[in-house]
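All remarks here apply to the structure that follows.
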Amino acid sequence: MKPAEDFLKNKLYERQQSGTYRELKPENGLIDFCSNDYLGFAHSAVLKQSIVHEVNTHPLSLNGAAGSRLLSGNIQYAEDLEKQIAAHHDSEAGLLFNSGYDANLGLLSSLAQRGDTIILDELVHASIIDGARLSYANRYNFKHNDLESLEAKLKLAKGNCYVVIEGVYSMDGDAPPLLEILSLTEKYNAALIVDEAHAVGLRPKGLVYELGLQQRVFARVVTFGKALGGHGAIVLGSNNLRNYLINFARSFIYTTAASFHQLAAINMAYQLLKNSSEAIISLKTNIELFKQAVNTGENFTLLNSDSPIQCIILGSNEMAREAARQLQMNNLDVRPILSPTVAQGTERVRICLHSFNSENELTLLATTLNKFTLLHAR
Ligand SMILES: Cc1ncc(COP(=O)(O)O)c(C=O)c1O
């Protein structure tokens, strides 16, 4: 007991000393420039009502699935929902997972075998990295959005090769050169996987669909915890891929299935998404307004992004923390993203814009940021 407790204490002390200690904080009531609720679904009263209605119109539904999908936990509703979501994204099939983390873990760890190769954009999400780590495949990273770097890694690949990118990168907010990456993977006979977690919302069917590339991409991951305001995820691909995952993806096989009300929430969120053109226009307008109003000066950089994720690089943990503190003192919920979560020197504030942010809120955000960057200009 003692050595184990000492180990914990020492590790936590190290974190405190290096200024990277994490702790859970309750909701703070500040203006939301931090959540992934891009279209306001998470606090939509209309969505809540439709979920309650959907649950009430299925009185025989259970409170919990009470088993994995392969045992007692499968219901027709889940299978129908998978078909509907697959159709929405123009995919042959889809398989639900309990979270985006589970989806990436199950997909990557089960697909690639010993002797195969997984190539990741260096900025992909931790769930993709962890899935690749759990496989026995060879792993390479390529420089973010860099075709030459990708090609160099494709030349090294052995066995079946999987390339994984995101539709919108969660920490930078930028999009990949999708068509060019796809053409390159095709040249080397590699399968492309696109995580659309942050792309779905502003683009209701995702980036792959918007560019008409859905038949050429091997698999897509869509998560429901961001613009869809709920929880869970789906892997989209062929019927073969779906059947393969049912047989081999351990994060699908060995876990209790989602409850009926979780499935109902996902279903109703997709119905709402189909009628969200106004919210999507508001989100686009807010992104433009923010980009026009913010002026970071010469010392700091606003990363190039057309997505709701906008980042200002501040260059150190201290500066990123101080900027977030100033913003929070002005009632604005913006969080710093520190190293080692991002590379040293690229510490930043990450601003998430929403359809529901008002013009006044955006003005307050931009003027507070502009004051901060002016004050700290070297
Ligand atoms: C790109 C990406 N993929 C997957 C995930 C994980 O999704 P979930 O939160 O549903 O586990 C996230 C979450 O932040 C993400 O940003």
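The values are calculated or read from the model by the stated rules, or taken from the named source; none is laboratory data. Remember, predicted model here, so these are calculated numbers, not experimental data. Cβ sites come from the backbone with ideal geometry, for glycine too, and all protein chains shown count toward neighbours. Calculation scope for accessible area: heavy atoms of the full protein, side chains included, ligands and nucleic acids excluded. Shrake-Rupley method; radii C 1.70, N 1.55, O 1.52, S 1.80 Å.
Of the residues making up the range 70-117, those that are assigned to a helix (DSSP H, G or I) and of a type in the set (S, T, N, Q) are Gln76, Gln84, Asn104, Ser109, Ser110. Within the range 239-252, if we keep just the residues that are touching a residue at least 12 places away in the same chain (Cβ under 8 Å) and open to solvent by 30 Å² or more (accessible area, probe 1.4 Å), the residue that is nearest to Ala197 (Cα to Cα) turns out to be Arg242. Considering each residue of the range 145-167 in turn, at least one proves to be within 11 Å of the ligand (Cβ to nearest atom) and acidic (Asp, Glu). Residues that are more than 18 Å from Thr285 (Cβ to Cβ) and crowded, with 22+ Cβ neighbours inside 10 Å: does the range 351-364 have at least one? There is no residue in the range 351-364 that is more than 18 Å from Thr285 (Cβ to Cβ) and crowded, with 22+ Cβ neighbours inside 10 Å.
Counting only residues that are crowded, with 18+ Cβ neighbours inside 10 Å and among the aliphatic types (A, V, I, L, M), which one in the range 115-126 is nearest to the ligand (Cβ to nearest atom)? Result: Val124. Of all residue pairs spaced 6 or more apart or on separate chains, those with beta-carbon atoms under 8 Å, a first member in the range 222-238 that is at positive phi and a second member that is within 9 Å of the ligand (Cβ to nearest atom) and in a strand (DSSP E or B) are Gly232/Phe97; Gly232/Thr223. Going residue by residue through the range 94-114, is there one that turns out to be closer than 22 Å to Asn267 by Cβ, among the charged types (D, E, K, R) and within 16 Å of the ligand (Cβ to nearest atom)? There is at least one residue in the range 94-114 that is closer than 22 Å to Asn267 by Cβ, among the charged types (D, E, K, R) and within 16 Å of the ligand (Cβ to nearest atom).
Within the range 196-230, count every residue that is surrounded by fewer than 18 Cβ atoms within 10 Å (Cβ to Cβ) and within 12 Å of the ligand (Cβ to nearest atom). Adding up the residues that qualify gives 1. The range 127-195 holds strands (runs of 3 or more DSSP E) entirely within its bounds, and those carrying 3 or more residues that are open to solvent by 10 Å² or more (accessible area, probe 1.4 Å) map to 138-142. Does Gly64 meet the test of being in contact (Cβ under 8 Å) with a residue 60 or more places away in the chain and over 24 Å from Leu207 (Cα atoms)? When the stated conditions are applied, Gly64 passes them. Considering only the range 265-317, state which residues are polar (S, T, N, Q) and open to solvent by less than 50 Å² (accessible area, probe 1.4 Å). Matches in the range 265-317: Asn267, Ser276, Ser282, Asn286, Thr296, Ser305, Ser307, Gln310, Ser316, Asn317.
Pairing each residue of the range 31-49 that is under 22 Å from Ile337 (Cβ atoms) with any residue that is of a type in the set (D, E, K, R), provided the two are 6+ apart or on different chains, yields C-beta distances under 7 Å for Ile31/Asp333; Ile31/Glu361; Asp32/Asp333; Phe33/Asp333; Cys34/Asp333; Cys34/Arg335; Asn36/Lys226; Tyr38/Lys226.
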